[in-house]
1. Do we have any residue at all in the range 29-37 that's among the polar types (S, T, N, Q) and surrounded by 17 or more Cβ atoms within 10 Å (Cβ to Cβ)?
2. Just to verify a result, which residue in the range 50-82, among those that are of a type in the set (Gly, Ala, Ser), outside any loop (DSSP other than H, G, I, E, B) and under 27 Å from VAL122 (Cα atoms), is farthest from the chain's Cα centre (by Cα)?
3. Of THR102, THR36, which residue is within 23 Å of ASP209 (Cβ to Cβ) and among the hydroxyl-bearing types (Ser, Thr, Tyr)?
4. Please identify the pairs in which a residue from the range 35-55 that is of a type in the set (S, T, N, Q) has its Cβ atom under 8 Å from the Cβ atom of a residue that is assigned to a helix (DSSP H, G or I), counting only partners at least 6 apart or on another chain.
Amino acid sequence: MPPTFDDLLERAACLVRPGHRALLGIAGGPGAGKSTLAERLTRALNGDGRPWVAHVPMDGFHLADVELDRLGRRGRKGAPDTFDAAGYAALLKRLRDDEDETVYAPGFERRLEQPVAGSIPVPPTARLIVTEGNYLLLDEAPWTRVRSHLDEVWFCDLDETERVRRLVARHEEFGKDHDTAVAWVLGTDRRNADLVATTRCHADLVVPDSAMPRAEAGA
């Protein structure tokens, strides 16, 4: 039986043990629903009013466009070497070390397509950190450091046609015209998605789209 959303809530909550801050990773290709799942888990688990779950996306570790231009990588934005993977791993280690202080993580502004430093506070009360990104299961340095700091990694599994449809719609929402959005999704995004798909076998759990109500699917 595939898991339901209630099953996911229970499994995530059970990662936390006394004296142990847990880190849950959610992987998947671009547009597979990672952000939506992470946000819904965080919102549902914090439903009793206690802020004990925090959402820290990997996207804050995109290299800025000015650096991508310097490196000649802007046309491949979203590929593994267009992120500060070592910096992301260092943040996860700091969160796992749990030294009773607020940790500030970078966010990502989609309309600007740029990272924003220090925009996500993670208070000491956060006992479960939900993080999501494409390459959490990638078996190459420096991404292997990321996996070592995560208690579990789930993989969002979505029909390819639906994933492409959602991703084109997202690019259009944030400013690309239709033809440009389709070209990017079928070019750069598809190459990245194909790479991410090879990591599915390393996941602790594969999450089908049926685990989320259709009305809230996306991201």
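The values are calculated or read from the model by the stated rules, or taken from the named source; none is laboratory data. A quick note: this is a predicted structure, and the numbers were derived from the prediction, not measured. Cβ placement follows ideal geometry from the backbone for every residue including glycine, while neighbour counts extend to all protein chains displayed.
1. Yes, that holds for at least one residue.
2. Only one residue tops the list, namely ALA54.
3. The unique qualifying residue is THR36.
4. Within 8 Å, the pairs are THR36/GLU216.
Table: residues versus (1) over 16 Å from the mean Cα position of the chain (by Cα); (2) modelled with pLDDT under 95; (3) farther than 14 Å from ALA22 by Cβ.
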site: PHE108; (1), (2), (3): no, yes, yes
site: PRO121; (1), (2), (3): yes, no, yes
site: LEU137; (1), (2), (3): no, no, yes
site: VAL153; (1), (2), (3): no, no, no
